[in-house]
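One structure below.
The values are calculated or read from the model by the stated rules, or taken from the named source; none is laboratory data. Please read all numbers here as calculations on a predicted model, not as lab measurements. Cβ atoms come from the backbone with ideal geometry, glycine included; neighbour counts cover every protein chain shown.
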Amino acid sequence: MGFETILLIIAISAGFYMAWSIGANDVANAMGTSVGSGALTVKRAVIIAAVLEFAGAFLVGTHVSETIRKGIISPELFLGNEFDLVYGMIGALLAAAVWLQFASYYGWPVSTTHSIVGAVLGFGVMYGGMHAADWAKVGSIAASWVVSPLLSGTISYLIFTLIRRLVFYSDDPVRVAKKMTPYLVFFVFIVLTLAMVFKGLKNLKLHLEFMEAFWVAVLVGIIAAVISSFLVKRIKHVEEKERVNIKQPAAVGKRVEKALAHLQKALAKSDGQLGSELSNVVGDLDTINNDLSRKLVIGSESSDYKTVERIFVYLQILSAGFVAFAHGANDVANAVGPLAAVITVLTTGSFAAKSAVPVWVLGLGGLGIVIGLSTWGWRVMLTIGKKITELTPSRGFAAEFAAAITIVLASKLGIPVSTTHTLVGGVLGVGFARGIKALNLKVVTNIFISWVITIPVGAIGAIIFYYILKTIFG
């Protein structure tokens, strides 16, 4: 067996390992909120995501992949030294995969794109010097760490606040939710269809202009809205044996909160008998305020609440399914791109700036993603779905929809964003809509730290693996 064959086997194994790591970490972007909100069980989420991720990767995954992911280092560096490119790309795949597996073990949602970009960047700079990298592109990627979660978080905050005011604060939330659903479905399908056109269908060379794509999306949205208007009428009102909480207008909670603030100030300056009496009043009012903050509009055990959330279950699963399909179509390139470059060099003895991706490689990438999701995907799902903030179907829908809007806007404007960062930002937005105390700041801090160190960890790992492979085979 020649050393080219051995290298090819190692490269295929590294590509599969990277795809497995993508499945273990990144697929939670699509399904984490659905699991956390109770819209789907882990088992059902895995099955749905497995089918849609594989379909996206295999059917519309990129068939022509950039040899150097995202064009961050110059390919001219390797003219006459093609095997150095092989060692570097295999090293980048291994480094990114190891980091993703480590992050997945601890349940940290990190960007697979940034992992492979960091790995390729580190190897490229080590090989060709600082001038070898496109630092403007690297800078735009770093800027997306801030832009992605901030934009998505703002949008999810606004969406959830709007849903809360229009639906949960209304006199008849079930009627309003059913009335709003066709409109929500219309906008959801417009956004998600545009997401597919920009992130997925471009790989089938269906290059539509923005306005052409927009009108196609509008048509799809109208059809979906009409269908949903009939389906939503079939959702039955959840029966309740006993009304647990009495619905209160939003103004009541605000006034109680203000009264509590004033009484706390008075208590701080009083003493003696009055201070003792005020302390009792403040304690009682604080208990009322806490209860109102949890169940301000309709009690979480009431039939109205459960029926409204049941409606949002379908909307959330719908948006999660689209995100899973688009993710498979787009991010499988993180595994198969470097692998395609290696296969091209080992089979032809040279490389091209763009390498054809064999169908079996796309299938291998899709299979790796599915196995990674099935074995370790639950770890990151729990972080996104349960540990950042408490999610319900309506909150999860707001987060997913905000992420999809952000991806479409970024694709149109040419801003590089991470699916992971947008989804985490969306979850933070709906949590923040209920107040900073609704967020687990320790978990959020750990996630932010993992984002910052992703690129340097990938870079260092790629350099180490490059030298190991160079020593063994060079």
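Of all positions in region 388-410, none carries a residue that is in the same structural domain as residue 109 (by TED's automatic domain parsing), more than 13 Å from the chain's Cα centre (by Cα) and under 27 Å from residue 87 (Cα atoms). I'm told residue 74 meets every condition in (1) surrounded by fewer than 24 Cβ atoms within 10 Å (Cβ to Cβ); (2) over 30 Å from residue 388 (Cβ atoms); (3) under 28 Å from the mean Cα position of the chain (by Cα) except one. Can you identify the failing condition by its number? The number of the failed condition is (3).
Before we move on, is residue 295 loosely packed, with under 13 Cβ neighbours inside 10 Å and either under 23 Å from residue 163 (Cβ atoms) or at pLDDT 70 or above (or both)? In short, no. What do you reckon, is residue 19 closer than 30 Å to residue 139 by Cα and either modelled with pLDDT of 85 or more or among the small types (Gly, Ala, Ser) (or both)? In short, yes.
Yes or no: region 414-434 includes at least one residue that is more than 20 Å from the chain's Cα centre (by Cα) and either of a type in the set (Gly, Ala, Ser) or modelled with pLDDT of 90 or more (or both). No, the conditions are met nowhere in region 414-434.
The set of residues from region 5-36 being farther than 21 Å from residue 98 by Cα and either aliphatic (A, V, I, L, M) or surrounded by 24 or more Cβ atoms within 10 Å (Cβ to Cβ) (or both) comprises 30, 31, 32, 33, 34, 35, 36. Filtering region 326-361 to residues that are modelled with pLDDT of 80 or more, touching a Leu at 6+ places or on another chain (Cβ under 9 Å) and more than 21 Å from residue 75 (Cβ to Cβ) leaves only 328.
Among residues that are surrounded by fewer than 24 Cβ atoms within 10 Å (Cβ to Cβ) and of a type in the set (S, T, N, Q), residue 170 is included. Does residue 384 meet the test of being in contact (Cβ under 8 Å) with a residue 60 or more places away in the chain, touching a Lys or Arg at 6+ places or on another chain (Cβ under 7 Å) and within 23 Å of residue 24 (Cα to Cα)? Answer is no for this residue. When residue 220 is tested against (1) more than 27 Å from residue 429 (Cβ to Cβ); (2) at pLDDT 90 or above, just one condition goes unmet, and that condition is (1). Might you check whether a residue that is out of contact with any Ser or Thr (no Cβ under 7 Å at 6 or more places or on another chain) and at pLDDT 90 or above occurs anywhere in region 395-413? No; the residues of region 395-413 include none that is out of contact with any Ser or Thr (no Cβ under 7 Å at 6 or more places or on another chain) and at pLDDT 90 or above. Taking every residue in region 135-157 that is aromatic (Phe, Trp, Tyr) and pairing it with any residue that is not in a helix (DSSP H, G or I), at least 6 positions away or on another chain, the pairs with Cβ-Cβ distances below 9 Å are 135/72; 145/111; 145/418; 157/433.
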